[in-house]
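Let me begin by presenting the structure, written as structure tokens, before commenting on it.
Every read-out reported here was derived from the displayed coordinates using simple, explicitly stated rules and does not represent laboratory data. None of these values were measured; they are calculated from a predicted model. As a convention, Cβ positions derive from the backbone with ideal geometry for all residues, glycine included, and neighbour counts pool all protein chains shown.
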Amino acid sequence: MESIILESMKEVYSTAQDMAKRGFVAGTSGNCSARVPGTDMVVITPTSVEYELMLFEDMCVVNLRGEEVASRYTPSIEINMHLGIYRARDDIGGIVHTHQPMGTAVALSSDGIPPILDEQMARIMGGIEVAEYAFPGTKELADNAVKALGEKNACLLLHHGVVSTGKKVRDALLNAEIVERAATVFIMSRVLGEPRTIPISPEEFNKAVPHA
């Protein structure tokens, strides 16, 4: 197997383990993937394999049409969502789908997270939208996630969890952490009153603070 594919497998495996350590997933829930640079291939975690038992060589390799290239196991049930996002966004190189508690709680109880934190503006590109509900693993869920993401780097999935993206899969995990902090602050601020939002666009923010 080519070294560039092996490197992507290592990145996905390492990120999957860190998702579990952070409490963003449990058992076999959640998934993550990486686009193999310069190819039409994607590495994604397998379905129904516990994180504690998961091995590097268990990572699945598929192409953007969803055809398996090299796999010991069946790719994640959310393969449609990952591939749909990659096909819609050439700028995305990694995706993390989690069931993190605070982000999921906000997905259930609100219309999303408004732009309330600097790091949201810098990395997520503004407010975080909620994707309409659809059954897990379906093309409908994939389409809903693509729509809710737009040009941003995260969205919430109603009754489900969080999707975050980045140039690399490690960047996607960092963005998932920002979503969790934003969700926590949003919940706490609503207890105290109406959260105040950042009054400028992400583009204006990043122009004024280019290294945020």
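One table, with the values for the structure above:
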item	result
Residue among D91, D143 that alone is buried (at least 17 other Cβ atoms within 10 Å of the Cβ) and among the acidic types (D, E)	D143
Listing of helices (runs of 4 or more DSSP H) fully contained in segment 75-166 that carry 1 or more residues being more than 23 Å from A26 (Cβ to Cβ)	79-88, 139-149
Within segment 168-207, tally of residues that are of a type outside the set (A, V, I, L, M), more than 21 Å from D90 (Cβ to Cβ), touching a residue at least 12 places away in the same chain (Cβ under 8 Å) and not in a helix (DSSP H, G or I)	4
Scan of segment 80-124 for residues that are small (G, A, S) and within 19 Å of R35 (Cα to Cα), ordered by number	G84, A88, G93, G94
Enumeration of residues in segment 167-185 that are among the small types (G, A, S) and either farther than 21 Å from Y86 by Cα or in contact with a Leu (Cβ under 7 Å, 6 or more places away or on another chain) (or both)	A182, A183
Residue match in segment 14-36 (condition: touching a Cys at 6+ places or on another chain (Cβ under 7 Å) and of a type in the set (F, W, Y))	no
Candidate set: segment 119-156, residues that are touching a strand residue (DSSP E or B) at 6+ places or on another chain (Cβ under 9 Å) and among the polar types (S, T, N, Q); chosen: the one farthest from V179 (Cα to Cα)	N144
Residue in segment 32-43 that is under 15 Å from the mean Cα position of the chain (by Cα), in contact (Cβ under 8 Å) with a residue 60 or more places away in the chain, loosely packed, with under 14 Cβ neighbours inside 10 Å and not in a helix (DSSP H, G or I) present	no
Of all residues in segment 44-74 being assigned to a strand (DSSP E or B) and not polar (S, T, N, Q), the one that is nearest to V12 (Cα to Cα)	I44
Subset of segment 138-167 (residues that are of a type in the set (K, R) and within 21 Å of G93 (Cβ to Cβ))	K147, K152, K167
